[in-house]
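Inspection log for the structure reproduced underneath, given as structure tokens.
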Amino acid sequence: MWEKFKINIFSSSNFIRATAILTGTIIGAGMYGIPYAVSKSGFFIGLLMIIILGEVVVILNLAYGEVISRTKGKHQFTGYAEKYLGKKGKMLALFSVLTGLYGGLIAYIIEVGKLLDFLFPLDSITSPFFWSLMFFITVSLAVLLGLKIVSRIDTILSILLLVAFGVLFYLLFPHVQQENLAYSDFRLQNLFFPYGVILFSLGGATILGEVKSVLYDRTKYNKVILVGTIIPIFVYALFTLIVVGVTGINTSDDSIRGLIAVNPFLAQITSVLAIISMSTAFLGLGTIIKDTFNQDFKIPYFFAWILTVFPPFIIFYLGLNSFIMVISLSGAIMAGIEGILIIAMHAKAKKKGQQIPTYDLILPKWLKVFLFAVFILGIVYEVYRVTIGF
């Protein structure tokens, strides 16, 4: 009886840890770009887009989870792409992974530096670049230490994240104004403005291999994916509601500066929330890239770590510091290519999988066609909007 009790306790805590890894990876810098993007299109249009794209991401994550469950051995996203789609699929997957994940790491470095400088404005000693450098050194060392330490840190930070968000919601909700939520703009360039930012913010499928590797009870894999994906969708919707409801069309591109005029303390709470979420996301994404180089391309562990953490910092150092542009463009490209590859891999794994999966997801043909169209049109729209404009 005691042994059974211990197993149940361990299984539950392990479920929480696995869910925390996925949730912590998804919730990152993109969350703070969503209110700004939604303020451009209007709250209710943006909320509808969060829900629809959220459902799309849930489907993709479950599909990719089944691919992992049907395949023997441990791989990263590029490894599964090569196994089921060949070398061209592997290279396309690598391009998608590096575009999205490097973009994420760059965004975290940019924003955390600004937020730490806002919280600790020692003008004569520090600067946003100084704090970006300190953040980069700290989280890069954590990524070097490996998944075990990352999963433990993620669990703690994810709990702190939800607590901090609850405090923020409690403090901000009384300041929400109905007229801020009623605004809408039906111009094409604004109507779909949130697309790339939302997809970037929901990106996290490539961490699912690591999620499975730390999960004690594999029969709960699909439940971890569902819970770990739905929590960020819910958090994003509530966060967007309170930020847009408070600041309206004056919402800043990081959601924080606009709150200073309302209450500086609220802006500080939001900054802490942002730093926690971006830290968990950096750890998750950094682990994905490192393991991709190490496991799928057989690059030695230390050099895989170097290829993971230094390219995004160098790009940041060279002057790329437009937060919204980074997350919007990389989100549309990453999610678009990644989604197409997952659908294709899922179909192949159904036929060529090496083992019985823990669950079986059925995707109707019409749904596959719809998803392909969404991703292709999304890539074309976002590239055109960012590089050329309307």
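Some notes on this structure:
- Calculated FRET efficiency for the pair residue 159/residue 344, C-beta based, R₀ 25 Å, to 0.05: 0.10
- Burial ranking of peptide ranges 101-111, 304-314, 20-30 (average Cβ count within 10 Å, highest at the top): 20-30, 101-111, 304-314
- Helices of the chain meeting both criteria, an alpha-carbon length of 27 angstrom or more along the long axis and an average Kyte-Doolittle score not below 0.5, with helices taken as full DSSP H segments, are 43-69, 77-119, 147-172, 221-247, 264-291, 323-352, 365-387.
- Candidate values [x] 67, 41, 39; [y] 65, 52, 37; [z] 58, 49, 46, label of the one derived for Cα extents along the principal axes in Å: [z]
- Here each label is just a point 7 Å from Cα along the line to Cβ, and for residue 51 and residue 272 those points are 3.3 nm apart.
- Selection from 171, 48, 145, by position along the positive dipole direction of the chain (Cβ): 145
- Fully extending the segment from residue 179 to residue 91 would add 26.9 nm, taking 0.36 nm per residue of separation and subtracting the current Cα-Cα distance.
- Stretched out straight at 0.36 nm per residue, the stretch from residue 302 to residue 134 would grow longer than its current Cα-Cα span by 58.4 nm.
- Rounded to the nearest 20 debye, dipole of the stretch 2-387 from Cβ charges on Lys, Arg, Asp, Glu: 1640 debye
- Dipole magnitude of the stretch 279-355, debye to nearest 20 (Cβ charges: Lys/Arg +1, Asp/Glu -1, about Cα centre): 400 debye
- Note on residue 127 and residue 361: their simple-model spin labels are 4.6 nm apart, each label 7 Å out from Cα toward Cβ.
- The calculated FRET efficiency for residue 170 paired with residue 388, based on their beta-carbon distance and R0 = 30 Å, is about 0.10.
- Label-to-label distance, nm, for residues given as residue 351 and residue 325 (7 Å Cα→Cβ offset): 4.4 nm
- Whole-Å distance, taken between Cα centres, linking the stretch 267-345 and the stretch 81-106: 12 Å
Laboratory data are not the source of any read-out in this text; all were calculated from the coordinates shown. Source: prediction; values computed, not measured. Neighbour counts are summed over all protein chains in view; Cβ atoms, including those assigned to glycine, are modelled from backbone coordinates with ideal geometry.
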